[in-house]
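Below: the structure, in structure tokens.
The values are calculated or read from the model by the stated rules, or taken from the named source; none is laboratory data. All of these numbers come straight from a predicted model, not from anything done at the bench. Reconstructed Cβ throughout: ideal geometry from the backbone, glycine too, with neighbour counts over all protein chains shown.
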């Protein structure tokens, strides 16, 4: 399933709330938590990571993966945690409103 526009950033912030991760770990975390229903495009993830780093929502440093490969590890900043809290609450409220509308029964039903 394609991501709704504007949701990738908050999903990445949520993944990073579990601890520092590199790009592949973030993608895997999101795909696992969604039961495989959400696919993350590599290019979109990289753009999101760069955008959020520029905005000070995440920080990054080079590290070594469990497989001994060099990778950039990302982690939340205090600003990122605050943004996650605000955006997640907004998104959950929006989804609840959509669910209420979509599950409404018509007078004919």
- Which one of the conditions (1) in contact (Cβ under 8 Å) with a residue 12 or more places away in the chain; (2) on the phi < 0 side of the Ramachandran plot does residue 54 fail to meet, given that it meets all the rest? (1)
- Message: Among the residues that make up region 56-73, is at least one of them part of a helix (DSSP H, G or I) and either modelled with pLDDT of 95 or more or surrounded by 10 or more Cβ atoms within 10 Å (Cβ to Cβ) (or both)?
- Response: no
- Query: Before we move on, is residue 19 assigned to a loop (DSSP other than H, G, I, E, B) and farther than 23 Å from residue 67 by Cα?
  - Reply: no
- Considering region 74-90, residues that are farther than 11 Å from residue 17 by Cα and touching a residue at least 40 places away in the same chain (Cβ under 8 Å), and then whichever is surrounded by the most Cβ atoms within 10 Å (Cβ to Cβ), we arrive at 83
- For residue 32, indicate whether it is free of Cβ contacts under 8 Å to residues at least 24 places away in the same chain, exposed (fewer than 15 other Cβ atoms within 10 Å of the Cβ) and part of a helix (DSSP H, G or I). yes
- Filter result for residue 43 (closer than 12 Å to residue 23 by Cα and either free of Cβ contacts under 8 Å to residues at least 12 places away in the same chain or outside any helix (DSSP H, G or I) (or both)): yes
- Query: Here is a list of conditions, (1) surrounded by 14 or more Cβ atoms within 10 Å (Cβ to Cβ); (2) at pLDDT 95 or above; (3) outside any helix (DSSP H, G or I), and residue 3 meets all of them except one; can you say which number that is?
  - Reply: (2)
